[in-house]
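Encoded as structure tokens, the structure appears first; notes follow it.
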Amino acid sequence: MDVRRFLKLVTPQQNGALLIVGHGSTVNPESSAPTLAHAAEIRSRNIFADVQCAFWKEEPSLRDAIYLFDPDRIKNVCVVPNFISEGYFTQTVIPRELELNDKITKRANGQIWNYGDPVGNHPLMTELLMQRARDIAPGIPESETSLLIVAHGTDLNENSAVAAKREAERIRALGRYANVLNVYMEEFPLVSDWNVLTSSPNVVVVPFFISDGLHSYEDIPVLLGIAEQGSTPSRKEKGDAVFRKEPYRIDNRSLFYASSIGTDPRVADIIVEEATAAARANDSIN
């Protein structure tokens, strides 16, 4: 199923801009890669007059992003957080750093800034998770497969845990898989217990993260038992080795391991949809 069929007609915004906000990282250069890739894809569609990115931990910073768009040329800016869930960053950090008053902010220079929802909240995320599972395990019967959606867990990431549970419940309600579970790295149910939590001959594991990094390249594979702790290859080499369509064979069962859902190119569709939804909210008020 192609998620594009669900997207509403998007009217080009010749005087509007899109700002995609990511977390970024000072230690993981791959952290910002999906956000930059989605921006490049959206830029190529010529929907917005300008498309830029800003990050909490990288350049350009959120504070600098306020000045990225020329008010004489850009009258409206749609801000979309490239985050998995609502939480401290989307509710406190981003509004504070971008000086947003609410969902709609009018600046002294006349620009209107519309604040959208994080990408992980979009209902199309459910379809992306299911498609990622099909892509990593092509031809494997879903009725003989358990799907595990992995989040971080712990109180520090409470909302991401809730988001993973929500997605698991949505997919479980469709009745396609033998079992659908939300599992976590640091709270129960633990991803490391996958072998006792499931009994199907096939298991598909999809990390519910925005980007690949230490968690998806090393931590989760170690917890799954498909990699050893403290391996030394580069992250790219780890990714090339750990994400593969050939299953891992453990106890006569097949385990398939996918890359993080935020790396899916179709997240660009979700970003566009969140941006246009935010713009429509502004139009309805005016």
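Observations
- Any hit, region 187-204, residues being at pLDDT below 95 and either among the small types (Gly, Ala, Ser) or farther than 18 Å from residue 153 by Cβ (or both): no
- Sole exception among (1) farther than 22 Å from residue 120 by Cβ; (2) at pLDDT 95 or above for residue 101, by number: (2)
- Residue within region 238-259 that is closer than 18 Å to residue 128 by Cα, at pLDDT 95 or above and in contact with a His (Cβ under 9 Å, 6 or more places away or on another chain) present: no
- Residue ID - most open to solvent (accessible area, probe 1.4 Å), chosen from residues in region 141-156 that are modelled with pLDDT of 95 or more and among the acidic types (Asp, Glu): 144
- Within region 261-283, none of the residues are out of contact with any helix residue (DSSP H, G or I) (no Cβ under 9 Å at 6 or more places or on another chain), on the phi < 0 side of the Ramachandran plot and modelled with pLDDT of 95 or more.
- Pairs, first within 13 Å of residue 160 (Cβ to Cβ) and open to solvent by less than 60 Å² (accessible area, probe 1.4 Å) in region 67-92, second assigned to a loop (DSSP other than H, G, I, E, B) and aliphatic (A, V, I, L, M), C-beta under 8 Å, six or more apart: 83/210; 84/210
- Across region 37-51, the qualifying residues are those that are of a type in the set (A, V, I, L, M, F, W, C) and closer than 19 Å to residue 262 by Cβ, and the one among them that is surrounded by the most Cβ atoms within 10 Å (Cβ to Cβ) is 51.
- The C-beta contact set for region 162-191 (first residue free of Cβ contacts under 8 Å to residues at least 40 places away in the same chain, second residue assigned to a helix (DSSP H, G or I) and among the aromatic types (Phe, Trp, Tyr), distance under 9 angstrom, 6+ apart or interchain) comprises 181/194; 183/194.
- Members of region 196-228 that are farther than 22 Å from residue 27 by Cβ and open to solvent by less than 50 Å² (accessible area, probe 1.4 Å): 198, 200, 202, 203, 204, 205, 206, 224, 226
The values are calculated or read from the model by the stated rules, or taken from the named source; none is laboratory data. In this text, all values refer to a predicted model and were calculated from it rather than measured experimentally. As a convention, Cβ positions derive from the backbone with ideal geometry for all residues, glycine included, and neighbour counts pool all protein chains shown. Side chains included, ligands, DNA and RNA excluded: accessible areas come from the protein's heavy atoms. Shrake-Rupley method; radii C 1.70, N 1.55, O 1.52, S 1.80 Å.
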